[in-house]
1. Which residues, counting only those in the range A:252-264, are surrounded by fewer than 20 Cβ atoms within 10 Å (Cβ to Cβ) and either within 14 Å of another protein chain (Cβ to nearest Cβ) or more than 21 Å from the chain's Cα centre (by Cα) (or both)?
2. Say whether the condition of being under 30 Å from residue A:696 (Cβ atoms), within 14 Å of chain B (Cβ to nearest Cβ), touching a strand residue (DSSP E or B) at 6+ places or on another chain (Cβ under 7 Å) and touching a residue at least 12 places away in the same chain (Cβ under 8 Å) is met by at least one residue in the range A:855-878.
3. Can you tell me which residue is surrounded by the fewest Cβ atoms within 10 Å (Cβ to Cβ) among those in the range B:28-59 that are within 21 Å of residue B:85 (Cα to Cα) and more than 8 Å from chain A (Cβ to nearest Cβ)?
4. Of everything in the range B:18-27, what is in contact (Cβ under 8 Å) with a residue 24 or more places away in the chain and within 11 Å of chain A (Cβ to nearest Cβ)? Give them in sequence order.
5. Quick check: is even one residue across the range A:488-508 in contact with a strand residue (DSSP E or B) (Cβ under 7 Å, 6 or more places away or on another chain), outside any loop (DSSP other than H, G, I, E, B) and either under 27 Å from residue A:301 (Cα atoms) or free of Cβ contacts under 8 Å to residues at least 60 places away in the same chain (or both)?
6. For the range A:707-722, which positions are surrounded by fewer than 22 Cβ atoms within 10 Å (Cβ to Cβ) and either facing chain B (nearest Cβ under 9 Å) or closer than 16 Å to residue A:662 by Cβ (or both)?
7. In the range A:884-919, which residue that is within 14 Å of another protein chain (Cβ to nearest Cβ) and touching a residue at least 40 places away in the same chain (Cβ under 8 Å) is nearest to residue A:705 (Cα to Cα)?
8. Quick check on my filter: what residues within the range A:950-991 are in a loop (DSSP other than H, G, I, E, B) and over 22 Å from residue A:857 (Cα atoms)?
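The values are calculated or read from the model by the stated rules, or taken from the named source; none is laboratory data. All values derive from a computational prediction rather than experimental measurement. Positions of Cβ are backbone-derived with ideal geometry, glycine not excepted, and every protein chain shown enters the neighbour counts.
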């Protein structure tokens, strides 16, 4: 059965689009929405409600739709809770109704409606209070199955999303008559204009009404305006774009649905694009949302907003009913009668609660052949899942007259769309003359025009657009010529407030999407939840995905009448972004998985990859973790081999990821003295020193070595993880704390490739690389020395004699572009000594064997003393953190401090994270003495070793405690020892 | 939100790192009440509703530390200056 009107509308009848709803094949035309196509196919039932599973039809023709939510598309692209009223029809569209089982027309869970007393306001709080254990096991699964909306696709989203920025003089939000006029005026003045509308065609209500402007139809005028704007190069037109939020400093968030009107987005285009629009001025011309009237059965399929019905008849040439009732408390609703008569949609009856209506309307009703009930109201509507059957009209004299109809258009008046004026804290204010809330204050730079400002007639909309478009352009620095508003159709409102019909026999709904009835509001009032905020939370009024666009004001008005207060005394609800739901994917944009996260490769990465290295992410860096050799099946075998090779021969490791800060100037040493706990101004040129720096609160921030290259030139190294943080801190110390110091600094982390060459044969290896006549003997370059060198025939670099491994070791730095080649050269030079490349695992094992604190120990709570660095804290100078480090809590000798740990049974494996408790002590938090921070299998000692922070650590060597790890069922005895397991005298460093 | 860096011009707030109150100054570590003064310097902050001078670091730009005077109620930025500028 088709309900497509034989002519008219803004659809393209030359082309047919096929689609399926719940598997049933249907057809529509370009220009249709899914909702209009469903109506044209005679479909009345669109979904089931959230709580009661009541059958629901299509209520509106826009983004305010609470009922007609569907699952759009299939498979990975399936999207739940999509409004049929905003889905642009495309060929092959597939949609499923939601929240029904086994089928939409026959839904077993509609029995919820029969037990509805259980589901009244606050039912969660009252019904399921106890026992608490029942929540997880019984109530929650039960409620989740019974109540709900659509199903999410559980597959990864195959589409991509994009973020974009735009800047303009004037942003116009909404392309109805006011918005188009504002955009035209501002554009004619020369301003850069962006015009956004959520619809796919510009015109707003002009598309849905029978207006005339300057002798043209409203749709012709809108099309001409769009053409003029499109021809202006300073104007950007954004259709299918919802401005969903207003933010600081004239910034607006907008979502452009780039590919949602297509089966799949076009190649190389995103599905949606998130715009951040920065506008000098903005004009909000978002129109108004029609509100319903609360009467019995007002949610029955077939009951529709009057404006929506006109949209379907006028714009989409689809007739939602064949025997229509119109129920309106204002003049605007009467347009429905005129338009239906014009389109040959029979209007059976018109019910207008106003005691007296203009004579013209009486004549209109007569011309349309409709019975008129002046002063009457609709008390109840009756129907089934298949549609409306009849209504009860309560006449002015109190009689109830049943009328057989299959559709009802209702209009309770209009609510200006003021959401964007509230996003920065504005509160709407009530206007009695309009019976509506209007903007109570606007964010700087935003003006409200047209119906959004309560101008509910076309002439004033156009005049507002001209005035505010000109003002916005002028405020942005342009001269706007004033022009007269075009001639336009006359409109009147004449509204008599009617929120709720008294005497309804059946359930009367306020919030359709959350199934909140008039009774629920009365219950909330009786139980004391009278403030708006309580009302909202107790009943869930306005808390659904539609944010109560059609419901809130009615709910407020009903509460006002129950409490005997006025609506403004009762309160208002405010709005937060987004105006309509925005997919999380759109907010994320390309910031998904690895996209837009740089992967930083070390200079020798290509070489390491050739060797089959296993890589590990450390921050943004990808570093070689270990280098498996043929036949090695587990990481430990490889790591043990690498460590042993370094300790007995020589190894090389790319350590370029460490942060490097080049510091120059006469006061460079002084700045370092104030940043580090130890002294650097007295460091000799050509020497390197280990340093630690604190935060101002006395906790260790970072550590590393710093070399003095010249009197006024230092090179600092930081840990890989803290490179940026230390740079920021150094700049803070210089710019904010001590700007008088003459010093400059720059990060050179990426400029230098740096290789640790470690092991007894390290010098022999390097001797083959350095260009003569360089002397790298122990006498010429002793431990903790640094010198300029040239390697491989002219590559100028630096050679540091520093060691993290505890062996004779050097770090060779060359310009980063030579890193890959120098790595190969080092491997070749060391071949005679059995050189191995070692990764971060072996590096870590050797630093644990040497007791060097690293990230696990520098955990943001440890002090220099905790880490055994107390003696480094200079007494002769001030440094960041010095004063606060002396606080009693930080100097408490009982604080957990660094120590080493060995399993008493040497075969036991240690686990990082295990907590220390006394042998025989009960394993409770009270007995906690600290925890194991780092562990490794030591190939040098052939058993597991660990570092940890334990109360009184350095004073307890030899004592035994338990390493208790209940999560991994670990409970072993360990012996506290010195954290330096290998070469405690440091003899190997100095050979 | 945008911050007008005196060196780089209007830049998105994402490019900056926030530190906090710009009105506190590091106390004299040699003063007899240094312990208390440092405690207050490190931990105690006013939380004004209104104009607030605060330190921002242009981390993804010129590495300048800036004093931004921002209204905490509206995020309106009154002025931006290099720290220490007159």
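1. A:261, A:262, A:263, A:264
2. Taking the range A:855-878 and keeping what is under 30 Å from residue A:696 (Cβ atoms), we get A:855-878.
Going one step further and asking which of them are within 14 Å of chain B (Cβ to nearest Cβ), we end up with A:873-878.
Then drop every residue that is not touching a strand residue (DSSP E or B) at 6+ places or on another chain (Cβ under 7 Å), which leaves none.
The answer is no; no qualifying residue exists.
3. Here is the first cut: in the range B:28-59, the residues within 21 Å of residue B:85 (Cα to Cα) are B:51-59.
Still in the running and more than 8 Å from chain A (Cβ to nearest Cβ): B:51-54, B:56, B:58.
Working: B:51: 14, B:52: 19, B:53: 16, B:54: 16, B:56: 24, B:58: 21.
Per the criteria, the residue is B:51.
4. Initially, the range B:18-27 is screened for residues in contact (Cβ under 8 Å) with a residue 24 or more places away in the chain, giving B:18-23.
B:19, B:22 - these are the residues of the range B:18-27 that are in contact (Cβ under 8 Å) with a residue 24 or more places away in the chain and within 11 Å of chain A (Cβ to nearest Cβ).
5. yes
6. Scanning the range A:707-722 gives A:709, A:710, A:711, A:712, A:713, A:715.
7. Let us first name the residues in the range A:884-919 that are within 14 Å of another protein chain (Cβ to nearest Cβ), namely A:884-891.
From what's left, touching a residue at least 40 places away in the same chain (Cβ under 8 Å): A:884-887, A:890.
Working: A:884: 24, A:885: 22, A:886: 25, A:887: 27, A:890: 25 Å.
Result: A:885.
8. The initial filter retains those residues of the range A:950-991 that are in a loop (DSSP other than H, G, I, E, B), namely A:952, A:956-959, A:969, A:978-986, A:991.
Result: A:969, A:985, A:991.
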